[in-house]
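Visitor: One structure, pasted below without further comment.
The values are calculated or read from the model by the stated rules, or taken from the named source; none is laboratory data. For clarity, every value in this text was computed on a predicted model and none was experimentally measured. Neighbour counts run over all protein chains shown; Cβ positions are idealised from the backbone, glycine included. Quick note on the areas: whole protein, heavy atoms, side chains included, nothing else; ligands and nucleic acids left out. Shrake-Rupley method; radii C 1.70, N 1.55, O 1.52, S 1.80 Å.
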Amino acid sequence: MAKYWNSTIVFTRYTSGRSAIFELLGVAAAREEERYSENPTLLGAIKRFLQMVETMNLQRITFTEFYDHNDTYKSLVFSSKTATETPLLLDPSNPYNNYLNGLPKRMLKFFRKRAQESLKEFNSYDLGIMVEKIFTPNPKRCSVCTYPIGFPMPIGWSCNLSSNSDRLYK
């Protein structure tokens, strides 16, 4: 669900690891929901995920439970460099890769705003409408898109977001 939410967000700048970032945030949110909720639910995990995206610039997420204490991974995670690094989302298979290191502030701000909008939708609708609203492509009009690449789309025009179409319509 986290990766699908990410795919509904229109952010035209390429970001290395974007899909993995949202997948790992989703995994972390689901784990937190299982660990801290008396009755864990998928909706609770989605809400936690959106809250994590909203505060992505403050996150410190590592996946260390499958490694020995003496393992290089754990020693790196608890080294002085990573102990103070924020935001931190360490790649579970490569402890030298912090997915959130060097992300543009513009991107963090953009996704924070989209997460806030989704959380607002989350809190203001009944279940069926809320799920539909959260996963509606956001922003709803692609005025931030470029079409073709490098040329701004006229405001008031929209684009079809399906993977097999790139048609503009008014």
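Visitor: Would you mind stating whether Tyr4 is under 16 Å from the mean Cα position of the chain (by Cα), under 23 Å from Glu121 (Cβ atoms) and open to solvent by 60 Å² or more (accessible area, probe 1.4 Å)? Write out each step before concluding.
Guide: On the way: under 16 Å from the mean Cα position of the chain (by Cα): yes; under 23 Å from Glu121 (Cβ atoms): yes; open to solvent by 60 Å² or more (accessible area, probe 1.4 Å): yes.
Answer is yes for this residue.
Visitor: Looking at region 1-58 only, could you name the residues that are of a type in the set (Lys, Arg) and without any contact (Cβ under 8 Å) to a residue 60 or more places away in the chain? Break it down into steps so the answer makes sense when it comes.
Guide: First, pick out the residues of region 1-58 that are of a type in the set (Lys, Arg): 3, 13, 18, 31, 35, 47-48.
Lys3, Arg18, Arg31, Arg35, Arg48, listed by residue number.
Visitor: Could you please find all residues in region 20-36 being open to solvent by 60 Å² or more (accessible area, probe 1.4 Å) and closer than 20 Å to Met107 by Cα?
Guide: Glu23, the sole residue that qualifies.
Matching residues to (1) among the aliphatic types (A, V, I, L, M); (2) at pLDDT below 90; (3) surrounded by fewer than 18 Cβ atoms within 10 Å (Cβ to Cβ); (4) touching a strand residue (DSSP E or B) at 6+ places or on another chain (Cβ under 8 Å):
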{"site": "Thr8", "(1), (2), (3), (4)": "no, yes, yes, yes"}
{"site": "Arg18", "(1), (2), (3), (4)": "no, no, no, no"}
{"site": "Glu38", "(1), (2), (3), (4)": "no, no, yes, no"}
{"site": "Asp68", "(1), (2), (3), (4)": "no, yes, yes, no"}
{"site": "Tyr73", "(1), (2), (3), (4)": "no, yes, no, yes"}
{"site": "Ser80", "(1), (2), (3), (4)": "no, yes, yes, no"}
{"site": "Ala83", "(1), (2), (3), (4)": "yes, yes, yes, no"}
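Visitor: Is it true that Leu88 is in contact with a Leu (Cβ under 9 Å, 6 or more places away or on another chain), surrounded by 18 or more Cβ atoms within 10 Å (Cβ to Cβ) and at pLDDT 90 or above? Explain how you work it out, then say what you get.
Guide: On the way: in contact with a Leu (Cβ under 9 Å, 6 or more places away or on another chain): yes; surrounded by 18 or more Cβ atoms within 10 Å (Cβ to Cβ): yes; at pLDDT 90 or above: no.
No, not satisfied.
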